[in-house]
Amino acid sequence: MIIAVDGPVAAGKGTLARRIAGHYRLQYLDTGALYRAVGLKLLRDGKDPHDEEAAEHAARQVGDVALDDPALREEATGEAASIVAANQAVRAALLQYQRDFAQTPTGAVLDGRDIGTVVCPDADVKLFVTASAEVRARRRFDELAAKGIETTYDAVLKDLEARDARDQGRGTAPLKKAEDAHLLDTSKLDIEAAVTAACKIIDAA
Ligand code: CDP
């Protein structure tokens, strides 16, 4: 069984996908972490994320970066990730890793931007998780505040809208709902309610 979970910045995909994986005993891959790993490698090497050759080279070595490095979650890394994610060669270099993961015999849940459209177009269930920009910015702001990171709600909202625009506007694998994906708007749902709604969709499928 393959479950694809896509959606914009801070829609709650990660938490939801992890909970789904636990519930159905499937392996979980946060594909955003792969793009973040490429972005982080460039930042650490003092390279510009817009440098296409350096980004492709970093993507080919992505297996070397620990996907649990806390620096992956930093805002600067997210920004660099969304820049390298628009690079076609980077996406091509990461594609096979994601497809191989999806073929795990025990089944898998992958979350990202293009899982239902490009990585696993034949996934058994596709969810497109979203929420209003204001709700997502509030969640991300609270997350950062809990980590002691100083920022403002307005700065977070602006950054989120810029990242959404970049993800939706790029030529290769832009963020969009697959035609056969189930839309899950979590604007008014807490995580428990979102998990319940997702499991209902998956059970019905
Ligand atoms: O957690 P958040 O929504 O902030 O981002 P993420 O899922 O960790 O992904 C970071 C960046 O990687 C996104 O802004 C996308 O540009 C890119 N990404 C992508 O293009 N395709 C994916 N399958 C996953 C992430």
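The values are calculated or read from the model by the stated rules, or taken from the named source; none is laboratory data. This is a predicted model, so every value here is computed, not measured. As a convention, Cβ positions derive from the backbone with ideal geometry for all residues, glycine included, and neighbour counts pool all protein chains shown. The accessibility values were calculated without ligands, DNA or RNA, using every heavy atom of the protein model including side chains. Shrake-Rupley method; radii C 1.70, N 1.55, O 1.52, S 1.80 Å.
Anything in region 82-95 that is open to solvent by less than 20 Å² (accessible area, probe 1.4 Å) and not in a helix (DSSP H, G or I)? List them, or say none.
Scanning region 82-95 gives Ala85, Asn87.
Mind telling me which of the residues Leu72, Leu42 ends up being out of contact with any Ser or Thr (no Cβ under 6 Å at 6 or more places or on another chain) and either aromatic (Phe, Trp, Tyr) or closer than 28 Å to Ala178 by Cβ (or both)?
The match here is Leu72.
Among the residues of region 132-153, are any within 29 Å of Ala204 (Cβ to Cβ), among the small types (Gly, Ala, Ser) and more than 10 Å from the ligand (Cβ to nearest atom)?
For region 132-153, residues within 29 Å of Ala204 (Cβ to Cβ), among the small types (Gly, Ala, Ser) and more than 10 Å from the ligand (Cβ to nearest atom): present.
Within region 33-50, count every residue that is charged (D, E, K, R), within 15 Å of the ligand (Cβ to nearest atom) and closer than 19 Å to Asp159 by Cβ.
Final tally of qualifying residues: 1.
Here's the yes/no breakdown for (1) more than 20 Å from Ile83 (Cβ to Cβ); (2) modelled with pLDDT under 95:
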{"position": "Leu110", "(1), (2)": "yes, no"}
{"position": "Thr117", "(1), (2)": "yes, no"}
{"position": "Asp124", "(1), (2)": "yes, no"}
{"position": "Glu143", "(1), (2)": "yes, yes"}
{"position": "Ala146", "(1), (2)": "yes, yes"}
{"position": "Ala162", "(1), (2)": "no, yes"}
{"position": "Ala194", "(1), (2)": "yes, no"}
{"position": "Ala197", "(1), (2)": "yes, no"}
{"position": "Ile202", "(1), (2)": "yes, no"}
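With open to solvent by less than 10 Å² (accessible area, probe 1.4 Å) and more than 8 Å from the ligand (Cβ to nearest atom) as the only criterion, which of Ala66, Ala17 stands out?
That would be Ala17, the only listed residue that is open to solvent by less than 10 Å² (accessible area, probe 1.4 Å) and more than 8 Å from the ligand (Cβ to nearest atom).
Cβ-Cβ distance below 7 Å, separation of 6 or more or different chains: which pairs start in region 37-66 with a residue that is free of Cβ contacts under 8 Å to residues at least 24 places away in the same chain and end on one that is small (Gly, Ala, Ser)?
Qualifying pairs under 7 Å: Lys47/Ala54.
Quick test for you: out of Glu75, Glu79, Glu53, pick the one residue that is surrounded by fewer than 18 Cβ atoms within 10 Å (Cβ to Cβ), more than 12 Å from the ligand (Cβ to nearest atom) and charged (D, E, K, R).
Among Glu75, Glu79, Glu53, only Glu53 is surrounded by fewer than 18 Cβ atoms within 10 Å (Cβ to Cβ), more than 12 Å from the ligand (Cβ to nearest atom) and charged (D, E, K, R).
Has region 15-23 got any residue that is over 20 Å from Ala204 (Cβ atoms) and not in a strand (DSSP E or B)?
Yes, the conditions are met somewhere in region 15-23.
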